[in-house]
Amino acid sequence: ELHSNKLVKSCESSKREMNSSLNEDEFLTALKEAIKGQDIEVYFQPKVRCDSGTLEGFEVLARWRHPTEGFINPELFISLCEIHGLIDLLTMQVFEKALAWLSSLDENHITDSEIPCELRWTKLSINISAQSLSNDILFSNIIDKCKSLDISPSRITLEITESSAMDDSGPVLENLTRLRLMGFELSIDDFGTGYSSLLQLVKAPFSEIKIDKTFVLKADADTQSRAITKSITDLGRSLETQVTAEGVESAATMDFLKHIKCHLAQGYFIGRPMPQADILNWFYERERSREKERLDALRALE
Ligand code: C2E
Ligand code: MG
Ligand code: MG
Ligand code: MG
């Protein structure tokens, strides 16, 4: 019930946003068609190490471009998928498209020596709804896909988003443990908001915490958000769990994260979510500006 209230609200605000004349049925029909027709697109948003600035990997984000309405807010169509039993189909499509890109990097490397090592060996983070956690078939499919493309599970992080209280009973914990033992990394997404809890963090074998962007976005301006961001980072460090801050929009936030020894950063300041065709350009442009920064720092010393 809580869920559908949230959906109705987000549907309404999203319709206002896009001034849509579509009703919910038409919307759902179009979404089903997009999923069936393999029309869900994947965008990639970079994650970098805070200390060295090197590329760690990309988070894969689903995009749906409605034929007449344009891009639809992911929070909206993801919750529609969850409610109408489409989420596992969507996850599999996102997973397949993202992995296809990863294995194309490997293949192209042989003919195209331009692909730098950092990109060639990049990691990927894939979002998984908490609701999928008890689905054995989905996980078998994910494991098979990695095997058939010869991609090591250690390059894949599964980000688990809490949209409802996580069922921490047998099958869920079993599935999480099985995935972890196979080598997948597990991340608890949007930590500090919603239903994610300390209990889950200790019980399940998570290897990463993602600090929710609501704290990180305000870390420049607001002392409370800074305190929360630092506390979650300290917590992750003492549990020996990697910490990623999402929603890094400024140089000042990046400096703060370095200062508190957060491991990884993701946000518009580093790079927006982008289609795969833009990734190489983004990479080289960033390398150029890092090189320039290094030279400027050297000159300042002279
Ligand atoms: P999330 O997993 O927490 O992803 C991070 C969201 O923050 C993304 O929103 C990203 O575009 C946005 N973001 C990143 N950096 C910044 C920044 O510096 N400033 C601001 N203001 N925002 C930033 P997006 O792409 O709209 O996705 C929203 C949510 O939809 C995701 O949140 C995730 O929960 C869900 N989602 C997206 N793709 C998938 C998917 O393939 N499967 C599932 N199950 N959920 C997905
Ligand atoms: Mg995520
Ligand atoms: Mg998040
Ligand atoms: Mg989220």
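The values are calculated or read from the model by the stated rules, or taken from the named source; none is laboratory data. Bear in mind that the values here come from a model prediction, so they are computed numbers and not experimental data. FYI the Cβ positions are ideal-geometry reconstructions off the backbone, even for glycines, and counts take in every protein chain you see.
Yes/no matrix, rows are residues, columns are (1) in a strand (DSSP E or B); (2) among the β-branched types (V, I, T):
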| residue | (1), (2) |
| --- | --- |
| L31 | no, no |
| V42 | yes, yes |
| P46 | yes, no |
| S52 | no, no |
| E59 | yes, no |
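Tell me, please, whether a residue that is in contact (Cβ under 8 Å) with a residue 40 or more places away in the chain, in contact with a strand residue (DSSP E or B) (Cβ under 6 Å, 6 or more places away or on another chain) and crowded, with 19+ Cβ neighbours inside 10 Å can be found in segment 110-118.
no
Can you say whether Q242 is within 16 Å of ligand 4 (Cβ to nearest atom), at pLDDT 95 or above and either closer than 16 Å to E159 by Cα or aliphatic (A, V, I, L, M) (or both), as far as the supplied structure shows?
Answer is no for this residue.
Would you check if there is a residue in segment 208-222 being more than 16 Å from ligand 1 (Cβ to nearest atom) and surrounded by fewer than 19 Cβ atoms within 10 Å (Cβ to Cβ)?
no
Among the residues of segment 226-268, write down those that are in a loop (DSSP other than H, G, I, E, B), surrounded by fewer than 23 Cβ atoms within 10 Å (Cβ to Cβ) and either in contact (Cβ under 8 Å) with a residue 60 or more places away in the chain or within 21 Å of the chain's Cα centre (by Cα) (or both).
Correct list: E240, T241, G247, E249, S250, K261, H263, Y268.
Out of the residues in segment 160-194 that are within 12 Å of ligand 4 (Cβ to nearest atom) and within 22 Å of L76 (Cβ to Cβ), which is modelled with the lowest pLDDT?
It comes out as S163.
In the set F71, F58, F95, which member is surrounded by fewer than 16 Cβ atoms within 10 Å (Cβ to Cβ) and of a type in the set (F, W, Y)?
F71
Confirm whether F191 is over 30 Å from I115 (Cβ atoms), within 12 Å of ligand 1 (Cβ to nearest atom) and buried (at least 17 other Cβ atoms within 10 Å of the Cβ).
Yes; evaluated as a whole, the condition is true for this residue.
Within segment 62-95, which residues are closer than 17 Å to M274 by Cα, assigned to a helix (DSSP H, G or I) and touching a residue at least 24 places away in the same chain (Cβ under 8 Å)?
Answer for segment 62-95, where residues must be closer than 17 Å to M274 by Cα, assigned to a helix (DSSP H, G or I) and touching a residue at least 24 places away in the same chain (Cβ under 8 Å): V94, F95.
Within segment 188-236, which residues are away from ligand 3 (no atom under 15 Å from the Cβ) and within 19 Å of V172 (Cβ to Cβ)?
Selection gives S197, L198, L199, Q200, L201, V202, K203, A204, P205, S207.
I'm told L201 meets every condition in (1) at pLDDT below 90; (2) part of a loop (DSSP other than H, G, I, E, B) except one. Can you identify the failing condition by its number?
For L201, the failing item is (2).
Take I279 and tell me if it is buried (at least 17 other Cβ atoms within 10 Å of the Cβ), in a helix (DSSP H, G or I) and away from ligand 3 (no atom under 16 Å from the Cβ).
Considered against the rule, which asks whether it is buried (at least 17 other Cβ atoms within 10 Å of the Cβ), in a helix (DSSP H, G or I) and away from ligand 3 (no atom under 16 Å from the Cβ), I279 comes out as yes.
Would a scan of segment 254-261 turn up a residue that is at positive phi and within 16 Å of ligand 3 (Cβ to nearest atom)?
no
V42 fails exactly one of the following numbered conditions: (1) farther than 30 Å from R286 by Cα; (2) within 10 Å of ligand 1 (Cβ to nearest atom). What is the number of that condition?
Tallying (1) farther than 30 Å from R286 by Cα; (2) within 10 Å of ligand 1 (Cβ to nearest atom), V42 fails exactly one: (1).
Condition first: more than 16 Å from ligand 4 (Cβ to nearest atom) and out of contact with any strand residue (DSSP E or B) (no Cβ under 8 Å at 6 or more places or on another chain). Now tell me which residues in segment 198-217 satisfy that.
Hits for segment 198-217 are L198, L199, V202, K203.
Pairs needed: first member in segment 201-213, on the phi < 0 side of the Ramachandran plot; second member anywhere, among the basic types (K, R) and not in a strand (DSSP E or B); C-beta distance under 9 Å; at least 6 residues apart or different chains.
Matching pairs, first to second residue: A204/R180; P205/R180; F206/R180; S207/R180.
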